[in-house]
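Novice: There's a structure below that I have some questions on.
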Amino acid sequence: MRHPLSKVMAGAALAVLCWGGAAAQTIVVGGKAFTEQQIMTAMTVALLKAKGFTPDRKAGMGSAAVRAALENGQIDVYWEYTGTGLGVFNKITDKFASAEDAYRRIKEVDAAKGIVWLNMSPVNNTYAFAMNRDEAQKRGIVTMSDFAKAIKSGAKLTFASNAEFYARPDGLPGWQTAYGFEFERDNVKRMDTGLTYNALKDRQVDSAVVFATDGRIPAFNFVVLKDDKHYGAPYNLTPVVRKEVLDKNPKLADALNSVSAKLNDEIMAKLNASVDVDKKTPEEVAEAFLKVNGLI
């Protein structure tokens, strides 16, 4: 007579086989250091664990470091932005008619490098310029053209920028060229990304670079200046995975694409605010999102 425990163990083994061996497969999940990325890294880890994988988390990297880690096989998957993939990693500065066109281009270019861009989410976390709402209204600044006109007319507007945006060609230098203005050197205050929001809220500066989906924008009553010349590239949040890993674990695509389908700008801003404003942990926010949406 077969022992009941043997039946349970056999059933578990069958479940592993039905999943294609994924339960034994370790997937190294990378991520960048800012809030949105911390949430997406935590979400990916929780999701993969629920799907039977063994996730190994390597978070808190810079953009260049996480991409290099993907290319050299130190990590297997992370969430990247289409604009960063195009402009920073592939030096493609073309203007695209739509977010979908940009996505198709980066998907094609990176495929040749063994990197697969899965389904693009609607989340467009592009760089933007923000001001305190009352200050922008007082100065009559609604668009980036208004902002440029004010500076060219002699307004000594100060600007908080992180180091990456200050230096990268599609960052501050590109925006200044596109709109025909230039900050005086002393009027640009460089600081860590997270500090730019508090500097603007506390009125230590007149304007700051922000991520468009950051939850602190509505929470701190900022206004994002309209990019009326459509300079900013689309930065759609997308799961990116090494082809070698995806070929061995095709179920990864279904799992990660299910998350992409549930996200948009408004939802992402609320998730970010839950961490930055409500002081919840990225893990708490990620797990709650997955449960509410029936993903785990």
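Every read-out reported here was derived from the displayed coordinates using simple, explicitly stated rules and does not represent laboratory data. On a predicted model such as this, the values are computed, not experimentally measured, just so you know. Because the Cβ atoms are built from the backbone with ideal geometry, glycine has one as well, and the counts that use them run over all protein chains shown.
Novice: Relative contact order for the chain: what is it in percent, counting Cα pairs under 8 Å that are at least 6 residues apart?
Specialist: Working: 481 pairs, mean separation 79.8, N = 296.
27 percent.
Novice: Under 19 Å from a point placed 7 Å out from the Cα of Asn264 along the Cα-to-Cβ direction: which residues of the range 78-116 have their backbone N that close?
Specialist: Of the residues in the range 78-116, 99-100 have backbone N under 19 Å from the label point off Asn264.
Novice: Right, something else. If the only charges are +1 at each Lys and Arg Cβ and -1 at each Asp and Glu Cβ, what is the size of the charge dipole of the chain around the Cα centre, to the nearest 20 debye?
Specialist: Working: 38 positive and 34 negative charges, 89 e Å.
That gives a dipole near 420 debye.
Novice: Among the aspartates and glutamates, select those whose C-alpha is under 14 Å from the C-alpha of Lys138, and discard any that sit fewer than 8 residues away in the same chain.
Specialist: Within reach: Asp146, Asp206.
Novice: Please list the non-local residues whose amide H lies under 5 Å from the amide H of Val123, H modeled 1.01 Å from N, same-chain partners needing a gap of 5 or more.
Specialist: Residues meeting the criterion, in which the H sits 1.01 Å from N, are Leu237.
Novice: Oh, and also: If I take R0 = 45 Å and measure r between the Cβ atoms of Lys251 and Lys229 in this structure, what FRET efficiency does the formula 1/(1 + (r/R0)^6) give, to the nearest 0.05?
Specialist: Numbers: r = 43 Å, r/R0 = 0.96.
Efficiency at R0 = 45 Å is approximately 0.55.
Novice: Could you pull out the trypsin sites (Lys or Arg not before Pro) across the range 206-296 that fall in loop regions by DSSP (anything but H, G, I, E, B) with no more than 11 other Cβ atoms inside 10 Å? Don't skip to the end; give the middle numbers.
Specialist: Details: sites: Arg216, Lys226, Lys229, Arg242, Lys243, Lys248, Lys251, Lys262, Lys270, Lys279, Lys280, Lys291; in loops: Lys229, Lys262, Lys279, Lys280.
Taking the range 206-296 and a limit of 11 other Cβ atoms within 10 Å, the loop trypsin sites (Lys or Arg not before Pro) found are Lys279.
Novice: In vacuo Debye scattering of the range 127-224, one point per C-alpha: log10 I(q)/I(0) at q = 0.12, 0.19 Å⁻¹?
Specialist: -0.32, -0.87
Novice: According to a simple spin-label model (label point 7 Å from Cα along Cα-to-Cβ), what is the distance in nm between Glu184 and Asn119?
Specialist: 5.2 nm
Novice: Find which of Ala167, Gly194, Phe181 sits farthest along the positive direction of the dipole of the range 161-265, computed with +1 on the beta-carbon of Lys and Arg, -1 on that of Asp and Glu, about the Cα centre.
Specialist: Gly194
Novice: Kindly put Lys138, Lys51, Lys201 in sequence by how many other C-beta atoms sit within 10 Å of each C-beta, fewest to most.
Specialist: Working: Lys138 10, Lys51 21, Lys201 16.
Least crowded to most crowded, the residues run Lys138, Lys201, Lys51.
Novice: Does the chain classify as rounded, prolate or oblate by the C-alpha gyration tensor (a ≥ b ≥ c root eigenvalues; a/c under 1.5 gives rounded; else a/b over b/c gives prolate, otherwise oblate)? Write out the running numbers ahead of the final one.
Specialist: Numbers: a/c = 2.81, a/b = 2.00, b/c = 1.40.
Cα axes put the chain in the prolate bin.
Novice: While we're on this one: Spelling out what I want: for every residue of the range 119-125, take phi, set θ = phi - 60°, compute 6.51 cos²θ - 1.76 cosθ + 1.60 (Karplus), and round to whole Hz; glycine and proline get x.
Specialist: Running phi through 6.51 cos²θ - 1.76 cosθ + 1.60 with θ = phi - 60° gives 5, 5, 8, x, 5, 10, 8 Hz.
Novice: Using 0.36 nm per residue, how much length does the chain from Asn293 to Lys95 gain when fully extended, once their Cα-Cα distance is taken away?
Specialist: 67.8 nm
Novice: Divide by every residue of the chain the summed helix terms, -39500 (n - 2.57) for each DSSP H run of at least 4, and state the resulting mean residue ellipticity at 222 nm, rounded to the nearest 500 deg cm²/dmol. Mind showing how you got there, number by number?
Specialist: Working: 15 runs with 140 residues, N = 296.
Helix contribution divided over all residues of the chain: -13500 deg cm²/dmol.
Novice: Projecting each Cα onto the charge dipole of the chain (Lys/Arg +1, Asp/Glu -1 at the beta carbon, about the Cα centre), which of Phe53, Thr41, Gly140 comes out farthest on the positive side?
Specialist: Phe53
Novice: Just to confirm the filter: which trypsin sites (Lys or Arg not before Pro) across the range 94-126 are DSSP coil and have at most 14 other Cβ within 10 angstrom of their Cβ? Could you put the intermediate results ahead of the total?
Specialist: On the way: sites: Lys95, Arg104, Arg105, Lys107, Lys113; in loops: Lys95, Lys113.
For trypsin sites (Lys or Arg not before Pro) across the range 94-126 that sit outside H, G, I, E and B with at most 14 neighbouring Cβ atoms in 10 Å, the list reads Lys95, Lys113.
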